[in-house]
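Notes to accompany the following structure.
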Amino acid sequence: MDKQIIYVDGEYLPREDAKISVFDHGLLYGDGVFEGIRVYNNKVFLFGDHLDRLYDSAKAIMLNVPLSKDEMKTMVLECCRRNQIKNGYVRLVVTRGAGDLGLGPERCPRQTVICIAANIALYPEECYRDGLKILTSPTQQMNSAALSPAIKSLNYLNNIMAKVDGQLHGMQEAVMLNAEGYVAECSGDNIFTIKKGRITTPPIAAGALDGITRGCAIKLCEHIGTPVREANLQRYDLWVADEIFLTGTGAEIIPVVEVDKRMVGDGKPGPFTRDLISRFRDLTQQSGTPIPKEPLV
Ligand code: PMP
């Protein structure tokens, strides 16, 4: 990429000029929502699903998105085009906007929209080949009656604390339990187990984000003829699983080979997970919304 171009409130700016106010409530209070979207092979992957979730998150926190879905779509595609993204990651952020100090959203007359399109990949290839080691974090998942984990909001501190819990023990991801002690999700990924050929993932109501990659994995499993069961899981279920994998826009589908120092299966990525990863990779190359060659705006 020659020079990174960032979209901020209607303008496509060079990276060094892309700035927002120190009074932005996204910064001051974490008041806003976001999306992480992948680009594969010049196409934006599962674009419609990500836009739907962004607008649902915004609706849930009563945040007005100043662009229609069509306008947002055009802007993201144009941002990818200007940055010549072939394979990359798009971060879309909508904040409450700049306003005086004080929690009230009415202080912010104009919402802020940011789009960063970058060429990045999250985990190195050996993580997919050898699998991840994870642990259960002592940091509990946020209660759905507080800030629902289904909202992809700018309040990620809880997840960051869980991630740090993992990092302190040399682990790349950490499982979060809900107040009942059931598995909710990982700090930035959804989780699936396979036991005796049965695939299970926690329901959204257990405190999980309705992950777009989770949905894609569920459809792929159905297609293979192994439907996924959405049911509560306990730590015990992770400890005795034959296979475990995580799903996320950044992580894609990634095997887990150790949980809480217990080996998963034989300690190597299992056959079902490996097959699913290969099917998922095929899908990412085939489907998506093409990035245009000519300017859209
Ligand atoms: N859970 C959390 C907390 C996340 O932040 C994410 C996104 N990185 C996911 C799950 C996975 O969701 P998706 O597949 O839509 O990226």
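The values are calculated or read from the model by the stated rules, or taken from the named source; none is laboratory data. What you see is a predicted model; the values in this text were computed from it and never measured. Neighbour counts run over all protein chains shown; Cβ positions are idealised from the backbone, glycine included. SASA here: full protein model, heavy atoms, side chains in, ligands and nucleic acids out. Shrake-Rupley method; radii C 1.70, N 1.55, O 1.52, S 1.80 Å.
Side notes on the structure shown:
- Single match in Leu168, Leu220, Leu154 (criterion: free of Cβ contacts under 8 Å to residues at least 12 places away in the same chain and open to solvent by 20 Å² or more (accessible area, probe 1.4 Å)): Leu168
- Selection within the range 107-141 - in a loop (DSSP other than H, G, I, E, B), open to solvent by less than 70 Å² (accessible area, probe 1.4 Å) and at pLDDT 95 or above: Cys108, Gln111, Gly131, Ser137, Thr139, Gln141
- Selection of helices (runs of 4 or more DSSP H) fully inside the range 18-89 by the criterion of at least 2 residues being of a type in the set (A, V, I, L, M, F, W, C), touching a strand residue (DSSP E or B) at 6+ places or on another chain (Cβ under 9 Å) and modelled with pLDDT of 95 or more returns 47-60, 69-82.
- Conditions (1) among the hydroxyl-bearing types (Ser, Thr, Tyr); (2) part of a loop (DSSP other than H, G, I, E, B); (3) crowded, with 20+ Cβ neighbours inside 10 Å; number of the one not met by Ser148: (3)
- Considering residues of the range 171-196 that are open to solvent by 20 Å² or more (accessible area, probe 1.4 Å) and part of a loop (DSSP other than H, G, I, E, B) only, the residue nearest to the ligand (Cβ to nearest atom): Gly188
- Here Ser278 meets the list (1) free of Cβ contacts under 8 Å to residues at least 24 places away in the same chain; (2) crowded, with 16+ Cβ neighbours inside 10 Å almost entirely, failing just condition (2).
- Residue match in the range 230-247 (condition: surrounded by fewer than 14 Cβ atoms within 10 Å (Cβ to Cβ), away from the ligand (no atom under 16 Å from the Cβ), of a type in the set (S, T, N, Q) and under 28 Å from Val76 (Cβ atoms)): no
Listed here are the residues, each with its yes/no results for (1) touching a helix residue (DSSP H, G or I) at 6+ places or on another chain (Cβ under 9 Å); (2) within 24 Å of Gly250 (Cα to Cα); (3) not polar (S, T, N, Q).
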residue: Gly48; (1), (2), (3): yes, yes, yes
residue: Asp56; (1), (2), (3): no, yes, yes
residue: Glu78; (1), (2), (3): no, yes, yes
residue: Asn83; (1), (2), (3): no, yes, no
residue: Arg96; (1), (2), (3): yes, no, yes
residue: Cys115; (1), (2), (3): yes, yes, yes
